[in-house]
Every structure is written in structure tokens, then in C-alpha cells.
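Everything on this sheet refers to the single structure shown next.
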Amino acid sequence: MTEDATQAAAMSAVNPHPYSGNPEHVICLMACATDRWQRMVEDAKAMDRMAVREHGQLDRDHHLCAMQRQQARAGYTLVSIQTNIYGFTVRDTLNDGAGVLLRAEGGSRGGDGSARRAIEFARRWHAQDPDRREVILGYVAQELRQEWEEALADALK
């Protein structure tokens, strides 16, 4: 993908809507271009419900966890934009080894702690492989919510 095409894809990627995975209150910011991954999760959840109901399975998320591990091995990555004591950061949510992709406090994976920088980074990261990457909104500290709302409004323009 050329730099212009990547930039265009990145600029059109933000589309906030309820995330269909767990938990229900999570907001998806940049969805996968395919629904393949979500269908796999829905099938695993249905299998868990059936196993609990019909076989007394104690681990209610056994199949879901196994499916998420399989997805990670296949290259699917789910990250969240969230805050820590330094500001906004982008990090993995499935604990698949990706870890922190954009550090709020700078350094080798440095951001500047701003919501705008986190959104910009997440857009570019998502655009590199939109069929296997998804971005959700994680925890945003109360004192940073106004900054988040302003940055998101600018990103949607």
C-alpha cells in the first residue's frame, strides 16, 4: 500500500459504535474490515453456553478463551486506546504479546500522552492490516475525558 493510500485508509477508519464482543459497554473505534473474527467469537460463546447448560461445564469461557488464542496465532490483534497516569496509550487487550504499542510517556515507543496522538497512531496501525486489526476504547480517566471527546470529534471531521 502506498503512503497516500495508507493515509487515506487511516483517515477514514474511525467509526465509533458498540463493540459486539465482551463486555457490552465497550466502544469499537476501528473495526476489522471482515466479520470473520467476530463470527468465530459468537460461535465459541454459543458453544460455551451449550456446554454449561448440557454438560455442566464449570469454565463458562473455555471455548471463548481457546478461540481468542487461536485468533492471536492467526494474526488477529485487538488493541485499546486507554489512559494511565501519563496520559493516553495504545496497548493490546488480549495479552497476546503485543504489549504497549504507543507509550504515553514517550521513550522508544513514544507518544506525547495526548488523545490526538493516540488516535493518529491507532489509525495508522489499523490501516496497515484492517482485516486482522481492531481498535477499541478502553478506560479513560475522568480528568482526561474532555480531551478525549475533543480529539474524537476532530478525528470524525
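The values are calculated or read from the model by the stated rules, or taken from the named source; none is laboratory data. Being a predicted model, the structure only gives us computed values, none of them experimental. Note that each Cβ is placed from the backbone with ideal geometry, even for glycine, and that neighbours are counted across all protein chains shown. The area values use the complete protein model at the heavy-atom level, side chains included, leaving out ligands, DNA and RNA. Shrake-Rupley method; radii C 1.70, N 1.55, O 1.52, S 1.80 Å.
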- Report, in debye and to the nearest 20, how large the dipole of the range 30-124 comes out about its Cα centre when Lys and Arg carry +1 and Asp and Glu carry -1 on their Cβ. 260 debye
- Please give the net charge around Gln38, taking every other residue with its beta carbon less than 11 angstrom from that of Gln38, where Lys and Arg add +1 and Asp and Glu add -1. -1
- Residues with beta-carbon under 11 Å from that of Asn84, excluding Asn84: net charge, scoring Lys, Arg +1 and Asp, Glu -1? +1
- Task: With all protein chains present, calculate the accessible area of Asp35 using a 1.4 Å probe and round the result to the nearest 10 Å².
- Result: 90 Å²
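Per residue, how large is the accessible surface of the range 26-149? Use a 1.4 angstrom probe and give square angstrom.
Ligands and nucleic acids excluded, the result is 55 Å² per residue.
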- Message: Using a 7 Å offset from the Cα along the Cα-to-Cβ direction at both Gln142 and Ser114, what is the distance between the two label points in nm, to one decimal?
- Response: 2.6 nm
- Simple spin-label estimate for Ile85 and Ala51 in nanometres, 7 Å along Cα-Cβ: 3.9 nm
- Note to self: Kirkwood Rh of the range 49-157, Cα pairs, one decimal, Å, is 15.4 Å
- Output the peptides 121-130, 40-49 sorted from most to least packed, where packing is the average of other Cβ atoms within 10 Å over each peptide's residues. 121-130, 40-49
- Virtual paramagnetic centre 7 Å along Cα→Cβ of Asp43, amide N under 13 Å, in the range 68-86: 68, 70-71
- Note on the structure: The simple spin-label model distance between Arg60 and Asp35, using points 7 Å out along Cα→Cβ, in nm, is 2.6 nm
